[in-house]
Amino acid sequence: MDKKEQTGIYNVTFNEKRATPIQTDIELIENAIIESVVMYVKGYHLSNKDKGRGAEHIKLHLDPDSQGHIKLEELLNLGNFIRKYTKVFQEPFIDHKGGKIYEWENQEKIRFRVVVGRVGSGTDLPTYTHEQIITFYSDRNFNEAMQFKNPLVAKHYTDIKNNKSLDSQLQKIEQILNSKSSIDQKQKVFNEFERISKKVLNQEQKEIVQKLQNQHANNKALKP
């Protein structure tokens with residue numbers, strides 16, 4: 001599916017193909033396929049108003065100097081990104097205009113947004129759907145990071161950031177407790193560790209906390 005989908009996106013963007021379907025969900029059940037497909041269409045761009053939709057509008061972001069720049073490989077993998085979003089968050093965020101918003105952040109901390117809208121039927125669309133991708137852009141060349149519209153997405157990435165910070169703190173505490181630092185310094189670090197252990201932790205962090213607690217208890221038991 002990915003290869004066929006990517007070819008469709010490429011041909012709509014650069015060749016004469018008018019539209020291609022993008023599957024938004026990984027698991028389709030019976031007639032749910034109709035509700036789980038959006039169209040990537042040729043669309044249009046109005047330069048005088050800087051407005052548009054579809055490939056003609058989106059491909060302007062392929063310019064590296066454009067605000068909201070996206071790479072070609074990111075555009076071609078648009079379906080994969082949407083499906084990964086759906087796997088985590090199940091549903092897109094619905095904005096005040098009724099648009100469906102898909103948002104995510106990559107490993108380089110670049111944030112992306114896809115807007116899907118329901119439009120009237122026309123030559124760009126097949127009869128089974130009126131939903132099409134309006135725009136797709138990143139926060140590259142923005143003055144500041146894009147703010148997620150979906151509070152669940154914002155919380156998701158905040159939690160990831162906090163977990164990474166906790167991982168780093170736990171590693172530092174473990175290093176000091178296993179070092180030849182003074183007893184006072186170790187006790188000070190362990191007090192900080194006790195504070196951290198009361199936070200909401202993932203399974204791996206809980207295991208590290210338990211390990212350090214046992215280690216500290218053993219060290220105290222071995223004291224003369």
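The values are calculated or read from the model by the stated rules, or taken from the named source; none is laboratory data. Values in this document were obtained by computation on a predicted structure and should not be read as measured data. So basically every Cβ, Gly included, is an ideal-geometry build from the backbone, and we count neighbours across all protein chains shown.
Annotation note: of Gly68, Gly79, Gly98, the sole residue that is in contact with a Phe, Trp or Tyr (Cβ under 6 Å, 6 or more places away or on another chain) and either outside any strand (DSSP E or B) or under 13 Å from Gln132 (Cα atoms) (or both) is Gly68. Looking at the stretch 46-67, can you tell me whether even one residue there is under 15 Å from the mean Cα position of the chain (by Cα) and of a type in the set (A, V, I, L, M)? Checked against the condition, which is being under 15 Å from the mean Cα position of the chain (by Cα) and of a type in the set (A, V, I, L, M), the stretch 46-67 yields no hits at all. With respect to Val114, is the statement that it is among the hydrophobic types (A, V, I, L, M, F, W, C), surrounded by 16 or more Cβ atoms within 10 Å (Cβ to Cβ) and at pLDDT below 90 true? No, not satisfied.
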